[in-house]
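Student: Handing you this structure, nothing more for now.
Only the coordinates and a few stated rules stand behind these numbers; no lab work does. Because the structure is a prediction, the values reported are computed rather than measured. Positions of Cβ are generated from backbone atoms using ideal geometry, with glycine treated the same way; all protein chains shown enter the neighbour counts.
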Amino acid sequence: MQTFAWKILVTVIVRLHTKEWVVHAPSTWHHGLVADYWATVNLDAPELDLYRKHLRSPVLDAGCGAGRLLAPLRIQGLDVDGCDASADMIERCRRRAPDATLWVSALHDLDPPRRYAAIVCSGVLGLGTTREQDIRAVTQLHDALLPGGTLVLDDTRI
Ligand SMILES: C[S@@+](CC[C@H](N)C(=O)[O-])C[C@H]1O[C@@H](n2cnc3c(N)ncnc32)[C@H](O)[C@@H]1O
């Protein structure tokens, strides 16, 4: 009986190690204190100067986090929605932009309420996702654009 239990344990460890049984939900670390850090410390958004000329309303901030980009874009008068895989980040974002349409979703499961003239996706892909999920995410982002829309994809990990 003991040998049988050991065999099962070893099999489970091997399968987990080879990721055979690991279902890849995007499980990022953007929760709790990390979400607080993004909401209170990491506020500068210098890249907006670079993005701004490519953005037309309506805009989706895909992986909006705590609203570092979304909030100033809305202040500039753009109509910006946001989504993020982390409910904690969305909750922080909602504090900065209470009137914005925000929802919790992984990008590879994106099902937006409307289509967008521009989507910005900054520093989001490759955080706890598989390559396949990221490829599907880019397809979903493409499909969420209006005809002729622009995807601003800013990432060092892809
Ligand atoms: C480095 S932060 C950047 C947030 C925001 N884009 C910014 O520039 O301030 C990464 C964010 O992407 C979110 N994220 C990571 N993987 C995601 C995925 N597959 N789908 C949606 N959001 C994701 C995290 O929850 C986190 O809020």
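Student: For the range 45-154, what mean projected area does the convex hull of the alpha carbons give, in nm²?
Tutor: 6.1 nm²
Student: Something else now. State the extension gain, in nm to one decimal, for the chain segment bounded by Arg114 and Arg52, taking 0.36 nm per residue of separation less the distance between their alpha-carbons.
Tutor: Between Arg114 and Arg52, full extension yields 20.2 nm more.
Student: Would you mind putting 82-93, 40-51 in packing order, based on average other-beta-carbon counts within 10 Å, highest first?
Tutor: 82-93, 40-51
Student: Report the gain in length on full extension from Trp103 to Asp79: 0.36 nm times residue separation, minus Cα-Cα distance, nm rounded to one decimal.
Tutor: 7.1 nm
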